[in-house]
Amino acid sequence: MEVTRYQSHAVSVIEINHPPVNALSSLVCQALFKEFVEASKDPSVEAIVLCGANGKFCAGADIREFKSTSLMKTISIEDINGNIESCKKPVVAAIEGVALGGGLELALSCHYRVAHIKAIVGLPEVLIGILPAAGGTQRLPRLIGIPAALDMIVRGRHVPATEAFQLGIVDQVVQTNAIDAAVHLAREIIGKPLDNRRLSTLPVQYNINIEDFFDNALKKAKIQFFGAQAPLACIEAVKASVELPFYQGLKKEQELIASLVTTGQPQAQQYAFFSERNAGKWTLPSGEGWDNVSPKIIKTTAVIGLGTMGRGIVTSLSKANISVIALEQDEKQLNQGKKAVISLLEKEAEKLNKQGKSSSFANGLGPVHFTLDFGEIRNVDLVIEAVYENMGLKKKIFQKISKILKPDAFLCTNTSGLDIDEIASVTNRPQNVIGMHFFSPANIMRLLEVVRGCYTSPITIATTMSLGKTLGKVAVLVGNCPLFVGNRMLLPYVEQAGYLLEDGCNPEDVDNALEHFGFAMGPFCMMDLAGLDVGWRSRMEKGLTGDRVPTGTPARQRQGNRYCPIADMLCELGRFGQKAGMGWYKYEKLGGRKASPDPWIRDFLEKYRNTHQIKSHVINSEEIIQRCLYVLINAGFKILEDGIATSPEDIDVIYNNGYGWPKYRGGPMYYAATTGLAKVYETLDRNYKANPDIPSMKPTFLLRKLVAVGEPPLKEWKTQLGNLNNKL
């Protein structure tokens, strides 16, 4: 049953029952409308309570129906909202679990709202490229004021019940059953006037210069959400709540959402949403899924190494209320790490306090114990090694802990690209070894690449993926290869940026083009932030620096392939980026964040081109974007071809959540599909023929095949990939 109704004395309780989150599908909307009309006409009913089954109020519209017109053909959410709000009998929303999107809009149409203390409310439509279009942008400002409403709507922010009460969104917060409390409230307000409880009839209250406020909001949004149209549409819709009567404001909502659909951004963001949701439903290359494998519950963990990554991982585990033993090699590093972790945990405790939750480390966060003694980790369920990227050191640690840990403990390595199988080879349980590639800062960044080795067992994979979910991460299962998925694709992207400098660009030209495309940061700003010396030292360890090309040699090559040594040359001069006050850009101080184009770099590049007899040419933004992004996409096709990622969606999830790809463009593989695979192929092929010493430009076999079979939709690439694997 989608909607059920039962009566508690004079109160009719209408319950939405559409697992798992009580989404408002077209059938639910029809049933809800019907039940509400019947309750409002029933003379034995004096008040109505609206609630959701299974501890969830409603997570909003069913976005699986967004591509259909079913909602438009039947009952809309606003039809229901209008009916509820105009009802002469008091209506109380009992909010448990979540009231998000259309769910909160439904609650706002009720005359009163009661929330359980653990409930969350919000209007997150902006995160899938649209805006609240069932009265949310018109009712919420009338309830809590323009600034607070705009902040919630433009950021798509989830608001805990205690804050919702402070803002005035809900009338009561209870620690017991919200439905019982709502029924009790409903009985108390029977017969009381409802005129001031109907939000559509209230004026929008404000004591600010409204024109300046919205002008500033638009300017900030254009910077903060560069290129994304939904935040701007949200601002326009909220502005309409001030300038237009309520029902004209509703019409404005519909006009704005129709306009957004024409941009293609909602489709891309909804694709990204579903891809993220499906990433946890992993399968092995054989097609065997996790359905028959139950993950083990992880209660105790250890983290080895308290550098930047280790501290973030410890904090993440503690936030998930998992016990952690944090281990370092000497007293000084242990104390430094302990101080940093405690600082991070105190900030987390403050957040919990604001949410009305326990602030003590014992109750609100998992306990953390700091030690130098490896023996103390012998009984933990899972260990995450987080020392710096050195194969010899990691193997030494794994060899040691495999002798200490209990037989069924899981051994995880936080590595950004080292061989998982080589690390596992020194242990007595290679089937329990897996990669957990966290992204910095690990306590904030959502992405987690889970890297399976050739011996990694399904139970190890299932447990690690489950742990990732517990930590609040977007966990994506990938195969073992140098640099895994994200960094493997990033390498040709960064290399191409260097070639663009050789061919005539300055760093700011490349960064501006890619930031205008939607990246939060261009490649040269990114390198300055991370530190140019990180990659340089890695290349030196591998013997990949120092082989200077003789003056007058037009082609800069290494082992037959083109190589750009400019980054190495900057490092040799101490230009390591922000930490040094100079890198690709100059900074006002050491560690400063404000980058300015450096005339010295321009002169350096000009001399470099003259020395190597490189004829530069004018390169426009389109060429910059194509050269950088198409090699990145090409690497993605090769990853699919090699079976390192099981689907293009997984690649897109990785880039959307870990590498700053603009979600309103869906992800690199989605972007390739919407741009046209033939265009990507032809551009790569043309560039490769002109530059045969750049292998990353050579179109992959899979890309060539997809073009040859008529560019099937992205959802059908798996079938083509399966055919390709069978052929190989």
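The values are calculated or read from the model by the stated rules, or taken from the named source; none is laboratory data. Being a predicted model, the structure only gives us computed values, none of them experimental. We place every Cβ from the backbone using ideal geometry, glycine too, and count neighbours over all the protein chains shown.
For segment 199-216, the criterion of being within 18 Å of G156 (Cα to Cα) and crowded, with 18+ Cβ neighbours inside 10 Å is met by at least one residue. Within segment 522-540, the only residue that satisfies the criterion of being in contact with a strand residue (DSSP E or B) (Cβ under 7 Å, 6 or more places away or on another chain), closer than 10 Å to C571 by Cα and in a helix (DSSP H, G or I) is L532. Name the residues in segment 16-49 that are buried (at least 20 other Cβ atoms within 10 Å of the Cβ), in a helix (DSSP H, G or I) and of a type in the set (A, V, I, L, M), would you? Of everything in segment 16-49, those that are buried (at least 20 other Cβ atoms within 10 Å of the Cβ), in a helix (DSSP H, G or I) and of a type in the set (A, V, I, L, M) turn out to be V28, A31, L32, A39.
Every residue, every condition in (1) more than 29 Å from the chain's Cα centre (by Cα); (2) under 27 Å from E243 (Cα atoms); (3) of a type in the set (F, W, Y); (4) part of a helix (DSSP H, G or I), yes or no:
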residue	(1), (2), (3), (4)
L140	no, yes, no, yes
E163	no, no, no, yes
I169	no, yes, no, no
V173	yes, no, no, no
T176	yes, no, no, no
D180	yes, no, no, yes
L185	yes, no, no, yes
K192	yes, no, no, no
S200	yes, yes, no, yes
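Flag set for T427, criterion: of a type outside the set (A, V, I, L, M, F, W, C), in a loop (DSSP other than H, G, I, E, B) and either in the same structural domain as R537 (by TED's automatic domain parsing) or touching a Ser or Thr at 6+ places or on another chain (Cβ under 6 Å) (or both). For segment 437-496, the set of residues classified as farther than 17 Å from G535 by Cβ and of a type in the set (G, A, S) consists of A442, G453, S457, A462, S466, G468, G472, A475, G479, listed by residue number. Within segment 382-407, the set of residues being touching a residue at least 60 places away in the same chain (Cβ under 8 Å) and touching an Asp or Glu at 6+ places or on another chain (Cβ under 8 Å) comprises I397, I401. Of the residues H158, H184, which single one is surrounded by fewer than 23 Cβ atoms within 10 Å (Cβ to Cβ) and closer than 30 Å to Y271 by Cβ? Residue meeting the stated conditions: H158. For segment 374-402, enumerate the residues that are outside any helix (DSSP H, G or I) and in contact with a Lys or Arg (Cβ under 7 Å, 6 or more places away or on another chain). Matches in segment 374-402: R378, N379, D381, E385, V387.
Against the numbered list (1) free of Cβ contacts under 8 Å to residues at least 60 places away in the same chain; (2) of a type in the set (S, T, Y); (3) outside any loop (DSSP other than H, G, I, E, B), T456 comes up short only at (3). Does any residue of segment 602-613 turn out to be among the acidic types (D, E), surrounded by fewer than 22 Cβ atoms within 10 Å (Cβ to Cβ), without any contact (Cβ under 8 Å) to a residue 24 or more places away in the chain and assigned by TED's automatic domain parsing to the domain that holds S538? Yes, some residue in segment 602-613 is among the acidic types (D, E), surrounded by fewer than 22 Cβ atoms within 10 Å (Cβ to Cβ), without any contact (Cβ under 8 Å) to a residue 24 or more places away in the chain and assigned by TED's automatic domain parsing to the domain that holds S538. Looking across segment 581-600, the residues that are hydrophobic (A, V, I, L, M, F, W, C) and under 12 Å from L529 (Cβ atoms) come down to W584, A595.
E641 falls short on exactly one of the conditions (1) surrounded by fewer than 23 Cβ atoms within 10 Å (Cβ to Cβ); (2) farther than 24 Å from I130 by Cβ; (3) at pLDDT 95 or above, and that condition is (3). Candidates are the residues of segment 163-181 that are out of contact with any helix residue (DSSP H, G or I) (no Cβ under 8 Å at 6 or more places or on another chain) and farther than 20 Å from V13 by Cβ; the one that is surrounded by the fewest Cβ atoms within 10 Å (Cβ to Cβ) is Q175. No other residue among G227, G249 is closer than 22 Å to R155 by Cβ and in a helix (DSSP H, G or I) apart from G249.
Taking segment 7-64 on its own, how many of its residues are over 41 Å from the mean Cα position of the chain (by Cα) and either at negative phi or without any contact (Cβ under 8 Å) to a residue 40 or more places away in the chain (or both)?
Step one: of segment 7-64, the residues over 41 Å from the mean Cα position of the chain (by Cα) are 7-11, 38-47.
Within this subset, residues satisfying the condition of being either at negative phi or without any contact (Cβ under 8 Å) to a residue 40 or more places away in the chain (or both) are 7-8, 10-11, 38-47.
Within segment 7-64, residues that are over 41 Å from the mean Cα position of the chain (by Cα) and either at negative phi or without any contact (Cβ under 8 Å) to a residue 40 or more places away in the chain (or both) number 14.
Among the residues of segment 101-125, those that are surrounded by fewer than 24 Cβ atoms within 10 Å (Cβ to Cβ) and not in a loop (DSSP other than H, G, I, E, B) comprise Y112, H116, I120, P124.
Tell me whether segment 431-441 contains one or more residues that are within 25 Å of L306 (Cβ to Cβ), of a type in the set (F, W, Y) and not in a loop (DSSP other than H, G, I, E, B). So far as segment 431-441 goes, yes, one or more of its residues are within 25 Å of L306 (Cβ to Cβ), of a type in the set (F, W, Y) and not in a loop (DSSP other than H, G, I, E, B).
Conditions tested, residue by residue: (1) hydroxyl-bearing (S, T, Y); (2) outside the structural domain of A181 (by TED's automatic domain parsing); (3) under 18 Å from V92 (Cα atoms); (4) at pLDDT 95 or above.
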| residue | (1), (2), (3), (4) |
| --- | --- |
| Q7 | no, no, yes, no |
| E15 | no, no, yes, yes |
| H18 | no, no, no, no |
| Q30 | no, no, no, no |
| A47 | no, no, yes, yes |
| A61 | no, no, no, no |
| F66 | no, no, no, no |
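Taken over segment 660-685, the criterion of being buried (at least 22 other Cβ atoms within 10 Å of the Cβ) and not in a helix (DSSP H, G or I) is satisfied by W661, P662, G666, G667.
Could you list, in sequence order, all residues of segment 686-703 that are part of a helix (DSSP H, G or I), of a type in the set (D, E, K, R) and surrounded by 15 or more Cβ atoms within 10 Å (Cβ to Cβ)?
Going through segment 686-703, the residues part of a helix (DSSP H, G or I) turn out to be 686-690, 695-697, 701-703.
From what is left, the residues that are of a type in the set (D, E, K, R) are 686, 689.
Scanning segment 686-703 gives no hits.
Can you tell me how many residues within segment 567-597 are in a loop (DSSP other than H, G, I, E, B) and under 21 Å from Q496 (Cα atoms)?
Residues that pass the stated criteria total 6.
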